[in-house]
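Step one of this worksheet: look at the structure below.
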Amino acid sequence: MVKQLKCFVLFALLLNLHAAAQLSKQQEAKKMEWFKDAKLGIFVHWGIYSVNGISESWSFFNNYINHDLYMKQLDGFTANNYQANEWVDLITESGAKYAVITSKHHDGVALWDSKAQDALTTSRNSAAKKDVISPFVTALKAKDIKTGIYFSLPDWSYPNYDVFTRTRKRYTLKEHPERWKAYQHYFQQQLNELSQAFNPDLLWFDGDWEHTAEEWQADKILTNLRKYNPDIIVNARLTGHGDYDTPEQGVPVTKPANPYWELCYTTNDSWGYQPYDLNYKSANMIIRTLVDCISMGGNLLLDIGPKADGSIPQEQIAILKGLGRWTRKHQEAIYSTREGLPPGHFFGKTALSKDKKKVYLFLEQKDNNSLTINGLKNSINNIYIVGHPDKLTYKKDGEALTVEIPKQLEDQDVTVVCITLTDELSINSVASPRQLESLSLSDLGNDHPVERIIKSINDGYNPFINTNLTIDGLDYTLPNNKTVESWIKKHAEALYQTGKGIPDGHFSGSSALSADKQTLYLFVKGKPTGPIAIKGLKNNIQRARIVGEGTLITPEIYNKLYWSAVPGIVYLPLPSDRLDKDVTVIALLLDGPVDLYREEVGAIESNL
């Protein structure tokens with residue numbers, strides 16, 4: 001009887017723990033819902049570093065400039081042309097649903113009127129002589145845009161902080177615990193000021209790598225923040241105590257493990273204003289990066305860096321306006337959507353509506369003619385291009401859906417096709433390479449034969465093995481289809497003895513690898529709206545060219561940080577007059593067997 005009673009008590013305890021965990025999960029989901037729905041935020045890096053246009057804080061930390069010279073920038077920080085309402089109008093136009101502004105970077109200069117002892121502030125110490133955070137937050141709240149505050153945990157200028165520069169430390173915590181305690185009091189007071197003055201929806205910490213959770217008093221920080229706002233959202237740069245992850249600069253190849261995440265990303269290569277950094281991404285690149293984040297269930301936090309006078313560089317304005325053109329037109333496919341289809345069902349990026357009754361397909365090229373989804377069990381209610389009311393023509397053959405795409409309805413950047421289902425999405429796993437071995441070159445038919453060949457090779461079955469196809473394509477014949485024969489002969493090197501392509505997530509399309517895995521072939525359908533992109537390629541590209549006609553292409557690499565193992569994004573601009581009418585093939589000669597980065601991208605903890 002006692003044993004039975006113990007079992008009953010244990011069962012009841014486990015049941016209660018499970019119920020509590022479920023309730024906690026529901027509460028978390030409710031708190032995070034606005035963030036999960038937002039998809040796009042704007043990051044604002046503004047501070048005295050914009051005066052000389054040098055790296056924020058790191059320039060003196062790394063001894064590129066001494067601390068005294070760095071701080072002289074306070075005299076040039078005027079904010080003369082700062083119009084917070086104009087900033088927020090531009091942010092609204094971009095389609096962003098939240099914004100994060102630097103209240104204090106690692107240099108310790110507070111952009112609000114901090115009353116903490118010995119605080120450096122723009123209101124007392126800069127030429128501006130004013131708090132520049134308050135007008136911005138007021139303007140955000142007036143537009144119902146969620147407010148995020150960036151706060152640096154380290155303060156390299158504060159006399160009671162232990163670290164000064166890369167080569168100088170003021171003290172050790174073991175020798176002078178009283179100084180560290182004074183610093184803890186200092187930054188906690190500043191956080192309380194921010195909560196009281198601005199009641200932020202989100203707190204964006206940075207710099208946690210210099211100390212442990214206990215030393216930062218992470219639990220106390222969260223407790224204090226939640227006294228002011230029980231639903232405040234905190235990023236994970238509080239030694240892992242936050243709500244969501246913040247991969248930096250490197251677009252994730254695979255979906256991050258945390259269901260809540262945000263890519264923080266610059267418009268050029270710099271966070272703050274740097275006049276000689278003209279390596280700006282195009283609006284097209286930014287739009288497609290946003291789509292990448294949406295398809296994996298995340299957000300894009302896009303950075304801008306205003307000048308010292310408070311004006312925003314024209315290049316950044318143009319990017320935000322170009323982004324806004326696309327977001328206004330495609331709102332239903334952006335906000336409140338969830339991650340898309342699993343790999344293998346569609347070559348491209350996708351998203352689902354929250355109720356999973358709509359599938360959104362993102363097309364990064366024009367002249368699509370048609371597209372195919374595999375493994376779709378549902379019946380179709382309607383299919384249309386977002387922004388246009390016309391129904392599209394489609395054919396459902398078992399679980400394969402083919403949709404015709406009118407050229408005149410395609411978007412200049414990314415076309416979005418919405419498939420409305422009769423009920424919640426239901427899919428089957430797609431065919432494995434073993435199942436694809438039935439593909440017969442003698443019986444390709446007229447139903448997208450080139451695409452069938454490409455998909456087969458991409459998935460690991462090459463129908464040209466043990467045929468008379470040679471690497472140059474000479475003497476090859478395909479009696480039943482001369483059009484396909486012509487395409488095969490032109491692109492023979494990409495078909496001859498090539499094998500399975502690179503995994504999903506690196507390239508939005510089919511691919512193949514040479515037998516030695518040192519040449520990567522990319523199959524490009526239609527006319528790309530911008531340079532095609534490859535993520536997570538560790539190799540150097542020795543040569544890039546268009547197969548079958550020899551045109552050389554110059555790869556462009558963005559967001560590669562030389563001290564980081566995370567590869568940059570490779571962009572390949574393709575000349576439109578050299579594109580194949582069926583499928584263009586790009587050959588990338590690598591410096592060794594293909595080497596791919598598939599780890600999670602995290603925060604950058606060093607900036608040399």
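Just so you know, in region 56-83 the residues that are in contact with a helix residue (DSSP H, G or I) (Cβ under 7 Å, 6 or more places away or on another chain) and open to solvent by 20 Å² or more (accessible area, probe 1.4 Å) include one that is nearest to S123 (Cα to Cα), and it is G76.
Quick check on this structure: which one of T102, T92 is assigned by the TED database to the domain that holds D208, open to solvent by 10 Å² or more (accessible area, probe 1.4 Å) and modelled with pLDDT of 95 or more?
On the way: T102 fails: open to solvent by 10 Å² or more (accessible area, probe 1.4 Å).
Only one candidate passes the filter, namely T92.
In this structure, is A182 farther than 24 Å from N62 by Cβ, part of a helix (DSSP H, G or I), assigned by the TED database to the domain that holds P230 and open to solvent by less than 10 Å² (accessible area, probe 1.4 Å)? Here the answer is no, as A182 does not meet what is asked. Residues of region 256-295 that are aromatic (F, W, Y), over 18 Å from K36 (Cβ atoms) and not in a loop (DSSP other than H, G, I, E, B): Y265 alone.
Yes/no per residue for (1) farther than 24 Å from K354 by Cα; (2) within 28 Å of the chain's Cα centre (by Cα):
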site	(1), (2)
I383	no, yes
V386	no, yes
P389	no, no
D397	yes, no
L401	no, no
Q408	yes, no
T415	no, yes
C418	no, yes
D423	no, no
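Taking each residue of region 335-350 that is on the phi > 0 side of the Ramachandran plot and looking for partners that are in a loop (DSSP other than H, G, I, E, B) and surrounded by fewer than 22 Cβ atoms within 10 Å (Cβ to Cβ) with beta-carbon atoms closer than 6 Å, six or more apart or interchain, yields S336/K354; G344/V430.
Here is the figure for region 66-92: residues that are more than 19 Å from T147 (Cβ to Cβ) and in a helix (DSSP H, G or I) total 10. Scanning region 103-141 for residues that are assigned to a helix (DSSP H, G or I) and of a type in the set (S, T, N, Q) turns up T122, S123, N125, S134, T138. Of all residues in region 550-566, those being in contact with a helix residue (DSSP H, G or I) (Cβ under 7 Å, 6 or more places away or on another chain) and open to solvent by 70 Å² or more (accessible area, probe 1.4 Å) number 0.
Mind checking which residues of region 529-553 are closer than 17 Å to P567 by Cα and not β-branched (V, I, T)? Result: A533, K535, G536, L537, K538, N539, N540, Q542. Take the residues of region 476-512 that are buried (at least 16 other Cβ atoms within 10 Å of the Cβ) and among the hydroxyl-bearing types (S, T, Y): which is nearest to the chain's Cα centre (by Cα)? Only one residue fits best here, namely S508. Looking at L425, L341, L352, just one residue is modelled with pLDDT of 95 or more, out of contact with any Lys or Arg (no Cβ under 9 Å at 6 or more places or on another chain) and open to solvent by 10 Å² or more (accessible area, probe 1.4 Å), and that residue is L341. Does region 556-569 contain at least one residue that is hydroxyl-bearing (S, T, Y) and at pLDDT 95 or above? Looking through region 556-569, none of the residues is hydroxyl-bearing (S, T, Y) and at pLDDT 95 or above.
When region 290-307 is filtered for residues that are closer than 27 Å to F77 by Cβ and open to solvent by 10 Å² or more (accessible area, probe 1.4 Å), only K307 remains. For region 314-362, a residue qualifies if it is in contact with a Pro (Cβ under 9 Å, 6 or more places away or on another chain) and either part of a loop (DSSP other than H, G, I, E, B) or among the small types (G, A, S) (or both), and exactly one does: P343. N381 meets each of the listed conditions (1) under 25 Å from N258 (Cβ atoms); (2) among the polar types (S, T, N, Q); (3) open to solvent by 70 Å² or more (accessible area, probe 1.4 Å) apart from (1). Specify the residue that is nearest to I145 (Cα to Cα); the eligible residues are those in region 105-123 that are open to solvent by 10 Å² or more (accessible area, probe 1.4 Å) and among the polar types (S, T, N, Q). It comes out as S123.
The values are calculated or read from the model by the stated rules, or taken from the named source; none is laboratory data. The model shown is predicted, which means the values in this text are computed figures rather than measured ones. Backbone-built Cβ (ideal geometry, glycine too); neighbour counts: all protein chains shown. These area figures cover heavy atoms from the full protein model, side chains too; ligands, DNA and RNA do not enter into them. Shrake-Rupley method; radii C 1.70, N 1.55, O 1.52, S 1.80 Å.
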